[in-house]
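Okay, so here's the structure we're looking at.
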Amino acid sequence: MRKKIAAALAGILVVCLAIFCLTCHGSQGAEPERENMKTYRPIPKKAEGTGIYRTKQTVKRWDWKGWEVKEDAPGSLMGSNIVSISGRAILEEGDSLYAAGYRLPMAMELYGGDGVSDWEDYNIYRLKDGKWELFASNPPEKVEDRYGIMVDEGVAMNLMCYGGFLYYGVCYKHTWDEDRIFDTAQFVYRVPIQGGGAEEVVETKYESKFYIYNGKVYYMPREYVREEKDWFSYTRDNVYQEMELGGENKREIYRTDMQTWGSVFALGGGCLYLLELDDEKEWITGVNLETGDTRYYSMGGMSIYTLFYEGGYLYISSFSNTVSIFRMDVSSGQTEYLADCIEMAWRPPSEIAISEECDFVNTVWLENGYLYFMWQDKNAALERWLFSALDVETKQMSTEVLVEKESESWQEDRGYLEVVGDETAVCHNVGGEKIFFYRFRANALQMDRLERKEIRKGIKG
């Protein structure tokens, strides 16, 4: 009898253990409660006067299972960079150089060429055989923004070449209110590299930010429904879509009625990453492009402004009084601070005017494992603007002093940089009086300064 009772108890124990194991296995990869997702990050120690955080930070993280991160082939991702709404404005492709109209003065100063005496923001120009020529144009036309107001003049931006076409975005602005450019009608166009007319690919409806990833276009159109009682009241869904290069076969990837920003999303590793927020907190949502599986990353109260993906990491800009750059391993959730003190030269879209040389301000760029950024050193006897290149793996860094000056007109300083081919192009508007142009060799430490030019402000503005 005792043996039978013991055997029965053992059987019950085995069954209970089996049920427990099955329950635990079934919960792996499930969405954790957002209110329980806490990110703990100690205040990092910063090397004095460098703007660089030297110590690797660790955070408490969730141990998700089954989150697949694919390795991207070189050149499979094109689109906006870290603190970049407008994307590439100067693009090297083959034996040609392309420049969006508002960035043509910078391109001409850094790379030479003639043939264009006047230019427009809605045009794209090409430098070939030492001559600049009009390559694509989207002249003023009447289009309707989401308020039903007609807008008329476009700005070309976010240049990328793929499959024999130049792709670019066009943002239409109100001529009577330039600050509303990022709240108006947006389109994606393409034009054959061999020449021809531009064709509309899709209306994005919100900003010009889009990516080409693994041969497909990704963008975020918002769906607005105007309330009957109030002309300016809307309900909206934020929709992230995928489509073929010519605009065919649109597929909805993710839809949310939470708040989000159209410029804060990234592609890479087989996934879409986007910022979501409500009145109390914000988080990053990861969406697997094949399975639709989701993963959520708490941001611990940070104010996230932009996202960019490269090599298994999300590179993130956070803004309070200064811009900070950190990266997050999308598999583990670990975060690592990279740079701080990126301020003053950075301006939010509402403060950006279209017509000035260093607008659509971007002072941070990531390319092939190097972080490039402009920052202000306040520890020096004179205030200095510096340009740094940081190897994100080894943490080796090169720094060059761009400008050293007294601080009376510091608030008027603006900067812009981006990687063009194997070079980093830098433009710095100093107090509204002088403009400095620089070229540095990209992807190399110590940096080589290839060229520097200084001109009085007087080019088209």
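Readers should treat all values here as calculations from the given coordinates under stated rules, not as data from a laboratory. Just so it is clear, the structure is predicted and the values come from calculations on it, not from any experiment. We place every Cβ from the backbone using ideal geometry, glycine too, and count neighbours over all the protein chains shown.
Using 0.36 nm per residue, how much length does the chain from residue 214 to residue 293 gain when fully extended, once their Cα-Cα distance is taken away? List each step's numbers first, then the result.
Working: separation 79, 0.36 × 79 = 28.44 nm, distance 1.92 nm.
Taking 0.36 nm per residue and subtracting the Cα distance, the gain is 26.5 nm.
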Check your understanding: With a sphere of radius 11 Å drawn around the Cβ of residue 160, what net charge do the other residues whose Cβ falls strictly inside it have (Lys, Arg +1; Asp, Glu -1)?
Key -> +1
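Local charge sum around residue 190 (other residues, Cβ-Cβ under 9 Å, Lys/Arg +1, Asp/Glu -1)?
Result for the neighbourhood of residue 190: -2.
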Exercise for review: For every other residue with a beta carbon closer than 14 angstrom to the beta carbon of residue 128, add +1 if it is Lys or Arg and -1 if Asp or Glu, then tell me the sum.
Suggested key: -4
Review point. Going by average Cβ neighbours within 10 Å, how do the peptides 290-300, 191-201, 85-95 rank, with the highest at the top?
Key: 85-95, 290-300, 191-201
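Please state, to two decimals, what the Cα-based radius of gyration of segment 275-333 comes to when divided by 2.2 N^0.38 Å (N = residues).
Values: Rg = 11.9 Å, N = 59, 2.2 N^0.38 = 10.4 Å.
Output field value: 1.15.
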Exercise for review: Using a 10 Å cut-off on Cβ atoms, rank the peptides 366-372, 103-109, 263-269 from the highest mean neighbour count down.
Suggested key: 263-269, 103-109, 366-372
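Based on the mean of other Cβ atoms within 10 Å per residue, sort peptides 306-319, 111-124 so the most packed one is first. It would help to have the intermediate numbers written out before the result.
Values: 306-319: 21.7, 111-124: 16.8.
The most tightly packed comes first, giving 306-319, 111-124.
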Practice item. Provide the gained length on full extension for the span residue 129 to residue 256, in nm with one decimal, where the gain is 0.36 nm per separating residue minus the Cα-Cα distance. Key: 40.9 nm
